[in-house]
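Colleague: Once you've had a glance at the structure underneath, I'll fire off some questions.
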Amino acid sequence: MTYVDEVYQRVVDQNPAQPEFHQAVKEVLDSLRPVIEANEAHYRKEALLERITTPDRQILFRVPWVDDQGQVQVNNGFRVQFNNAIGPYKGGLRLHPSVTLGTIKFLGFEQVFKNSLTTLPIGGGKGGSDFDPKGKSDREIMAFCQSFMTELYKHIGPNVDVPAGDIGTGAREIGYLYGQYKRLRTAYEGVLTGKGLTFGGSLARTEATGYGLLYIVNEYLKDHNDSFTGKTVTVSGAGNVAIYAIEKAQELGAKVVTTSDSTGWIYDPEGIDVALLKEVKEVKRARLTEYAAARPSAEYHEGRGVWSVKTDIALPCATQNELHLEDAQTLVANGVQVVAEGANMPTTREATDFLQENKIAFLPGKAANAGGVAVSALEMSQNSERLSWTFEEVDSKLQAIMADIYQNISAAAKKYGKDEDYVAGANIAGFEKVANAMEAQGIV
């Protein structure tokens, strides 16, 4: 058994019933085989892979809060500080009923390499709770956030661990969390990103992940003498990432024809109306049925189906493992050219392998959706300098970061004889920087 296989088996044995974490580790380790095998004795002696697949610490805590009926509710809270070899832990807080320790560990592990790829000095972490903000009043959400932060504040700080938003954690939640942090710490400091613009937030943060996704796909297209002009694009999801990916794709000359939420999806052959989508999802917080009711050209379908639509570029922007093998087969049969991940690990391993085997350009999430955390790091810089940059300044820096990421993952893939394998390129480029920093700092 090779060193890579031994470490993967160790992860499975030591982390039972955490399939997402196993999946994320296996994808990374498989990509790293040529790097590890070139110097296996050294990496084995240093236990480098054991250290990089084991979080620095895992924090689990109870979150009690009182609902509007006076009933006490109890949720589970998590923060996994995975690796801080290149900077303070950085990663979002996910609020969703599906959140488990395994989910948070998979996201934190991915975040280590994603953050490394941004070229900015930030380590990897993730957190969240199985609390569901949907259907809750503002007072209930505030009660939950204050209780959550009453424990979390002990473990974070601007030079220690800087959480951000994620699924279920938007500007409202970040505001409540930050208010409680200030109350407990009696300090005004940049400990959270995704803050409101009136208290240290950054322009372009809301748009960053979706815009960054389009910027890296655009770099790929330019590298292959192509562009978005005239392309048909399918997008899943209807949150921040999806909305702003749709907006930027249409600005770049494409027509986006789908969007989806947890109950169904829209096919709009005239192109998604971004203003209407924002009104339905950001203002009303309603279902896509309202979009279809207000848009004569739109067809609403229950369940899944976005990937059945003929497309040139597919952008999964909803949640993990949403694009299955049969979806990949349909996309390939319909002539897809590029699949780029706006969400974290939205494509199953079988689907990813199939796309790559069929020579479809596949840009993995740790590279393609790094724009969000990149602008979070830029928010940290602005907070440290007590400055606020213009939208254009932040957007320009974001474009440069995404262009660098594409060039770095492309170069890393070529270096190890895996030209155009952007999964391998992203994992290798992210790993090498973190591994070098870990070795330089000794056995810690």
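What follows is calculated from the coordinates using simple rules that are stated; it is not laboratory data. Since the model is a prediction, treat every value here as computed from it, not as a measurement. Every residue, glycine among them, receives a Cβ derived from its backbone with ideal geometry; neighbour counts consider all protein chains shown.
Colleague: Tell me, what HN-Hα J-couplings in whole Hz come from the Karplus equation 6.51 cos²θ - 1.76 cosθ + 1.60 at θ = phi - 60° for each residue of the range 429-440, using x for Gly and Pro?
Modeller: Ordered by residue, 3J(HN,Hα) equals 4, x, 5, 4, 5, 5, 4, 4, 5, 4, 5, 5 Hz.
Colleague: Ranked by Cβ crowding within 10 angstrom, fewest neighbours first, how are 385, 432, 299 ordered?
Modeller: Values: 385 9, 432 16, 299 12.
Neighbour counts put them in this order, fewest first: 385, 299, 432.
Colleague: So how do 283, 339 line up by other beta-carbon neighbours within 10 Å, fewest first? Write out the running numbers ahead of the final one.
Modeller: Details: 283 8, 339 30.
Fewest-to-most ranking of 283, 339: 283, 339.
Colleague: Once you have the Cα-Cα distance between residue 172 and residue 390, take 0.36 nm times their residue separation minus that, and quote the gain in nm to one decimal. The partial results should precede the final answer.
Modeller: Details: separation 218, 0.36 × 218 = 78.48 nm, distance 2.23 nm.
Going from the current span to full extension adds 76.2 nm.
Colleague: Sum up the charges of everything whose Cβ sits under 9 Å from the Cβ of residue 430, counting Lys and Arg as +1 and Asp and Glu as -1, but leave residue 430 out.
Modeller: Values: positive: 114, 366, 433; negative: 432.
With Lys, Arg at +1 and Asp, Glu at -1, the net is +2.
Colleague: With charges set only on the Cβ (+1 for Lys and Arg, -1 for Asp and Glu), what does the dipole of the range 57-187 come to about its Cα centre, in debye to the nearest 20?
Modeller: 380
Colleague: So how strong a dipole does the chain carry about its Cα centre when Lys and Arg Cβ are +1 and Asp and Glu Cβ are -1, to the nearest 20 debye? Can you show the working numbers first?
Modeller: On the way: 45 positive and 57 negative charges, 237 e Å.
About 1140 debye.
Colleague: On to the next question. Return P(r) of the range 173-311 (all Cα-Cα pairs; 10 Å bins starting at 0; whole %; ordered from short to long distances).
Modeller: Percent of Cα pairs in each bin: 11, 35, 28, 18, 7, 1.
Colleague: Between residue 285 and residue 381, 0.36 nm times their residue separation minus their Cα-Cα distance comes to what? Could the numbers behind the result be given before it?
Modeller: Details: separation 96, 0.36 × 96 = 34.56 nm, distance 3.17 nm.
So the extension gain works out to 31.4 nm.
Colleague: Still on this structure: Rounded to the nearest 0.05, what FRET efficiency is calculated for residue 443 and residue 321 with R0 set to 35 Å and r the Cβ-Cβ distance?
Modeller: 0.50
Colleague: Residue 1 to residue 332: FRET efficiency via 1/(1 + (r/R0)^6), r the Cβ-Cβ distance, R0 45 Å, to the nearest 0.05? Please list the in-between numbers first.
Modeller: Values: r = 34 Å, r/R0 = 0.75.
Plugging the Cβ-Cβ distance into 1/(1 + (r/R0)^6) gives 0.85.
Colleague: Next up: Distance in nm between label sites at residue 294 and residue 14, each 7 Å beyond Cα in the beta-carbon direction?
Modeller: Taking the two extended label points, one gets 5.1 nm.
Colleague: Provide Rg and Dmax in Å for the range 214-255, with only Cα atoms included in the calculation.
Modeller: Cα radius of gyration and Dmax of the range 214-255 are 10.3, 31 Å respectively.
Colleague: Can you give the charge dipole size of the range 119-251 about its Cα centre, rounded to the nearest 20 debye, using +1 on the beta carbon of Lys and Arg and -1 on the beta carbon of Asp and Glu?
Modeller: Working: 14 positive and 15 negative charges, 87 e Å.
It comes to approximately 420 debye.
Colleague: Give me, ordered by chain and number, the residues 5 or more places off residue 83 or on other chains with an amide H under 5 Å from its own placed amide H.
Modeller: 56, 124
Colleague: Put a dot 7 Å past each Cα toward the Cβ at residue 262 and residue 404; how far apart are the dots in nm?
Modeller: 3.7
Colleague: Same structure again: Please compute the Kirkwood hydrodynamic radius of the range 57-187 from all pairs of different C-alpha atoms, in Å with one decimal. Don't skip to the end; give the middle numbers.
Modeller: Working: mean 1/r = 0.0680 Å⁻¹.
Computed over the range 57-187, the radius equals 14.7 Å.
Colleague: Please order 289, 311 by the number of other Cβ within 10 Å, starting at the fewest.
Modeller: Values: 289 15, 311 26.
With the fewest neighbours first, 289, 311 line up as 289, 311.
Colleague: Residue by residue, what Karplus-based ³J(HN,Hα) values in Hz, rounded to whole numbers, does the range 394-411 have, using 6.51, -1.76 and 1.60 with θ = phi - 60° and x for Gly and Pro?
Modeller: 3J(HN,Hα) across the range 394-411, in whole Hz: 5, 4, 5, 5, 4, 4, 5, 5, 5, 5, 5, 4, 4, 5, 5, 6, 5, 5.
Colleague: I would also like to ask the following. Tell me whether the range 340-444 comes out rounded, prolate or oblate; compute the Cα gyration tensor, take square roots of the eigenvalues as a ≥ b ≥ c, and use a/c under 1.5 as the rounded threshold.
Modeller: On the way: a/c = 2.20, a/b = 1.43, b/c = 1.55.
In terms of gyration-tensor shape, oblate.
Colleague: Right, next: In nanometres, what is the gap between the two model label sites at residue 436 and residue 222, each 7 Å from Cα along Cα-to-Cβ?
Modeller: 2.5
Colleague: Per 10 Å bin from zero, what fraction in whole % of the C-alpha pairs of the range 3-52 is there, up to the bin with the longest pair?
Modeller: Calculated P(r), rounded to whole percents: 26, 56, 17, 0.
Colleague: What percentages make up the Cα-Cα pair-distance distribution of the range 16-86 when the bins are 5 Å wide from 0?
Modeller: Going from the shortest bin to the longest, the percentages are 3, 12, 14, 19, 14, 11, 7, 6, 5, 3, 3, 2, 0.
Colleague: A further question follows. Using +1 at the C-beta of Lys and Arg and -1 at the C-beta of Asp and Glu, which of 72, 92, 42 has the Cα lying farthest in the positive direction of the dipole of the range 31-122?
Modeller: Of the candidates, 42 comes out farthest on the positive side.
Colleague: Right, next: So which lysines pass the test for residue 278, namely a Cα distance under 18 Å, with those fewer than 8 places away in the same chain ruled out?
Modeller: Within the straight-line cut-off, residue 278 pairs with 134, 248, 255.
Colleague: Mind listing the phi-derived Karplus ³J(HN,Hα) values for the range 381-387, rounded to whole Hz, using 6.51, -1.76 and 1.60 with θ = phi - 60°, and x for any glycine or proline?
Modeller: 5, 5, 4, 5, 8, 6, 10
Colleague: Say R0 is 45 Å: what FRET efficiency, to the nearest 0.05, do residue 39 and residue 304 get from their beta-carbon distance? Write down the numbers at each step before the final one.
Modeller: On the way: r = 44 Å, r/R0 = 0.97.
Efficiency computed from Cβ-Cβ geometry: 0.55.
Colleague: Multiplying the sequence separation of residue 278 and residue 57 by 0.36 nm and subtracting their Cα-Cα distance, what value in nm do you get? Show your work: numbers first, answer last.
Modeller: Details: separation 221, 0.36 × 221 = 79.56 nm, distance 3.83 nm.
Length difference between fully extended and current span is 75.7 nm.
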